[in-house]
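Q: Before I ask anything, here is the structure I am working with.
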Amino acid sequence: MKKRILSFVLALAMICLVAAGCNGGEKKSEAQSSEAKEKTKITFVLDWTPNTNHTGLYVAQTNGYFENEGLEVEIVQPPEDGAEALVGSGKAQFCVSFQDSMIPAIVGDSAMPLQAVAALIQHNTSGIISRKGEGMDKPKGLEGKKYATWDLPIEKATLKQVMKNDGGDFDKVQLIPSTVTDEVSALKTKSVDAIWVFYGWAGVAAEVANLQTDYFAFKDIDPVFDYYTPVVLGNTDWMKANPDATKKFLSALKRGYQYSIDNPDAAADILLKAAPELNEKLVKKSQSYLTHEYISDAPKWGYIDAKRWNAFYNWINENKLSTATIPENFGFTNDYLE
């Protein structure tokens, strides 16, 4: 009889322990669910299709840096009216933009609550690429040549300025409406002679294709063109309401780019996994190039130098390339960086 009572007691104890365990599991599950609900959701809009400018973003997402900061980040492609419109309307929180092309979105009648909060690449790596040995290694050499133009005021004013600095005449350039989607093919077929490119992608693509080219960077001709391109643009209203989340987002993003600097091959693999349609050789070589450009000589990742930022916008004002005057120290902040 005592054995039966003892067995009953032990069985009852086991039931209680199991029940307690289940209840604890339910509580833990509820806590995890609650924690998941508390993650801050952020939508990040690219400027174009994925490329090595964006590698740190994909690394931060893949390696869990955003998640570790309590963030749930969704990366999306830009709409037809541009990434700035999506962020400015509050439908997204951050996007990739450029100091030159963001102007209409931050001043004038169509101004939106937008502000650059980090530089993805420290110096302007854009310039003019052409077939090697045809005399376009300097701006003056563009005279009489076919240049693929987007017919944008800032674009043409930039070319005019660097040509003037080199003793050339912009009016002698043959402006061909740009339909270029593949710079290498356009140069090989001689449909155009010169193209504005970001060397870290299109310039490297020419190297991968074994196309011999000449190239000059705008910043090497005139320091005023060492502006910030690309940058992370954020919705100012959202950032003011969520300063901690903004700082956490940029902290995680910084880790992603630092990882890309320290581990370019592994970072390239992460980008290729996210965008398998990309050319592996191009991505690997481009990643190696940008390893030295993400931070370069800046004191820290993402830092925006006010002197350089203002110099470019002062040039914009002087040449009346904006519908409204851009104030000093306007359109950017370093306040959310670590």
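Q: Let me confirm something: among Lys300, Lys248, Lys307, Lys285, which residue is in contact with a strand residue (DSSP E or B) (Cβ under 8 Å, 6 or more places away or on another chain) and either closer than 25 Å to Gly200 by Cα or touching a residue at least 60 places away in the same chain (Cβ under 8 Å) (or both)?
A: Sole residue among the options that is in contact with a strand residue (DSSP E or B) (Cβ under 8 Å, 6 or more places away or on another chain) and either closer than 25 Å to Gly200 by Cα or touching a residue at least 60 places away in the same chain (Cβ under 8 Å) (or both): Lys248.
Q: I'd like the residue in the range 217-237 that is surrounded by fewer than 21 Cβ atoms within 10 Å (Cβ to Cβ) and more than 19 Å from the chain's Cα centre (by Cα) and, out of all such residues, is nearest to Leu337 (Cα to Cα).
A: Taking the candidates together, the pick is Asp237.
Q: Shifting gears a bit: Which residue out of Tyr259, Tyr289, Tyr313, Tyr303 is modelled with pLDDT of 95 or more, of a type in the set (Phe, Trp, Tyr) and open to solvent by less than 10 Å² (accessible area, probe 1.4 Å)?
A: Of the residues listed, the single one that is modelled with pLDDT of 95 or more, of a type in the set (Phe, Trp, Tyr) and open to solvent by less than 10 Å² (accessible area, probe 1.4 Å) is Tyr313.
Q: Sort out which residues of the range 147-176 are charged (D, E, K, R) and more than 30 Å from the chain's Cα centre (by Cα), and write them in order of number.
A: Lys164, Asp166, Asp169, Asp171, Lys172
Q: Okay, next question. Just wondering, is there one or more residues in the range 112-133 that are in a helix (DSSP H, G or I), surrounded by 17 or more Cβ atoms within 10 Å (Cβ to Cβ) and within 21 Å of the chain's Cα centre (by Cα)?
A: The answer is no, given that none of the residues of the range 112-133 is in a helix (DSSP H, G or I), surrounded by 17 or more Cβ atoms within 10 Å (Cβ to Cβ) and within 21 Å of the chain's Cα centre (by Cα).
Q: Hey, another quick one. Among the numbered conditions (1) touching a helix residue (DSSP H, G or I) at 6+ places or on another chain (Cβ under 9 Å); (2) part of a helix (DSSP H, G or I), tell me where Val197 comes up short.
A: Here Val197 meets the rest and fails (2).
Q: Sort out which residues of the range 177-194 are within 21 Å of the chain's Cα centre (by Cα) and assigned to a loop (DSSP other than H, G, I, E, B), and write them in order of number.
A: Thr181, Asp182
Q: Right, another one. List pairs: first residue in the range 52-65 and open to solvent by less than 10 Å² (accessible area, probe 1.4 Å), second residue among the basic types (Lys, Arg) and assigned to a helix (DSSP H, G or I) anywhere in the structure, Cβ distance under 9 angstrom, at least six positions apart or on different chains.
A: Pairs that qualify, where the first residue is open to solvent by less than 10 Å² (accessible area, probe 1.4 Å) and the partner is among the basic types (Lys, Arg) and assigned to a helix (DSSP H, G or I), are Gly56/Lys254; Gly56/Arg255; Val59/Arg255; Ala60/Lys254; Ala60/Arg255.
Q: Can you find a residue that is of a type in the set (S, T, N, Q) and on the phi < 0 side of the Ramachandran plot anywhere in the range 293-303?
A: no
Q: May I pose another question? If you take the residues of the range 203-216 that are open to solvent by 10 Å² or more (accessible area, probe 1.4 Å), of a type in the set (A, V, I, L, M) and outside any loop (DSSP other than H, G, I, E, B), which of them is nearest to Tyr147 (Cα to Cα)?
A: Only one residue tops the list, namely Ala205.
Q: Output the number of the condition that Phe94 fails; it satisfies all remaining conditions of (1) in contact with an Asp or Glu (Cβ under 8 Å, 6 or more places away or on another chain); (2) within 21 Å of Tyr303 (Cβ to Cβ); (3) hydrophobic (A, V, I, L, M, F, W, C).
A: Going through the list (1) in contact with an Asp or Glu (Cβ under 8 Å, 6 or more places away or on another chain); (2) within 21 Å of Tyr303 (Cβ to Cβ); (3) hydrophobic (A, V, I, L, M, F, W, C), Phe94 breaks only (1).
Q: I've got another one for you. Mind checking which residues of the range 70-96 are buried (at least 22 other Cβ atoms within 10 Å of the Cβ) and under 25 Å from Glu38 (Cβ atoms)?
A: Hits for the range 70-96 are Val73, Val87, Ala92, Gln93, Phe94, Cys95.
The values are calculated or read from the model by the stated rules, or taken from the named source; none is laboratory data. Note that the structure is a prediction, hence the values are computed from the model and not measured. Don't worry about glycine lacking a Cβ; one is built from the backbone with ideal geometry, like all the others, and counts go over all protein chains shown. The protein model used for the area step is the full one, side chains on, heavy atoms only, and it has no ligands, DNA or RNA in it. Shrake-Rupley method; radii C 1.70, N 1.55, O 1.52, S 1.80 Å.
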